[in-house]
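Every number in this text was worked out from the coordinates using simple rules, so none of it is lab data. On a predicted model such as this, the values are computed, not experimentally measured, just so you know. Glycine gets a Cβ as well: all are built from the backbone with ideal geometry, and neighbour counts include every protein chain shown.
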Amino acid sequence: MNFRRSGSDDLAAREDPYNVTQASRIYFLPNLMTAGNLFCGFVAVIHCIQARLAETVPTGEYLNQSSSGHYTQAVWFIFGAAAFDTLDGRLARMGGRESLFGAEFDSLADVISFGIAPALMVFFLILSPTQGYESFRNIGWFLGFIYLLCAAVRLARFNVITNPLLHGNKKDTNKDFVGLPVPAAAATVASLVLFLLHLAATDKSLRLWALALPPLMLLIAILMVSTVRYPSGKGVDLQTRTRLQPFVLFLAFAGLVVLFKEVALLCACLGYIFYGLIRQWRRPGRPRPPVAANPL
């Protein structure tokens, strides 16, 4: 005997995120932004490799750019990937077009743009004969791998946390990220590299700032897999209103980024990292050490 599926069954199948049709559906604009993210990450990796070739190949003039120029281009492509990553999620939420395919595609693109590209950039910069830092050459590969490993674990954990099957399709009211988001981690590494290249071009005696690179890489890697919460900015949209003073301060900061991008970008990224740490430490619900009872 054949039974026809009722209308309610059809509706349930369409709303089920694990339905084959729903799970594999590709929405054009959000996934186009994800493809842009992947493109920027791929080009950033190419520039890292070309920077290394420009330093090691004797006849490297065919690259038509210095190694510092290639590293700088890689930094800007990482920032471009972060911009595309912000757009794809926002377009998906605005249009109600979130899908499992989009989430997985986004994570795969993020591994390239915010995992492999920054790790290669730091590794090649440490090995560089002109910009390199001899003290860290033997551990450069290890630092890059730890960063890449934590980025991949962070992305996998994010997919598990946001999986609709595990929380009954209920939306999480807390908009914060659990752990340092991978785009912010990559932006911090990229801004530090940009700052170091700027210092090396102006005053090579200031290259001692590079001593901060390995500890910062390890701190970022730990924060990515930590439970420290960071603001996501998902609540900011076209309907968001603000007062005049914060708006003016934001415009002033944007102007400083344009004028002093090497310093301002690094300060902004480090400020975001330590804001989350300070807020976690000062959180009211933070467990306190037990107090010994008064024997009297």
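Summary of computed values
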| item | result |
| --- | --- |
| Sum of side-chain charges, VAL225 neighbourhood, beta-carbon under 10 Å (Lys, Arg +1; Asp, Glu -1) | +2 |
| Theoretical gain in end-to-end length, ILE139 to LEU108 [0.36 nm per residue, Cα-Cα removed] | 8.5 nm |
| Likely footprinting exposure, THR86, THR72, fewest C-beta neighbours within 10 Å first | THR86, THR72 |
| Integer Hz, Karplus 6.51/-1.76/1.60 couplings in order for segment 32-43, x for Gly and Pro | 5, 5, 5, 5, x, 4, 5, 4, 5, x, 5, 5 |
| Computed label-point distance, nm, for sites LEU259 and PHE101 using a 7 Å Cα→Cβ extension | 4.8 |
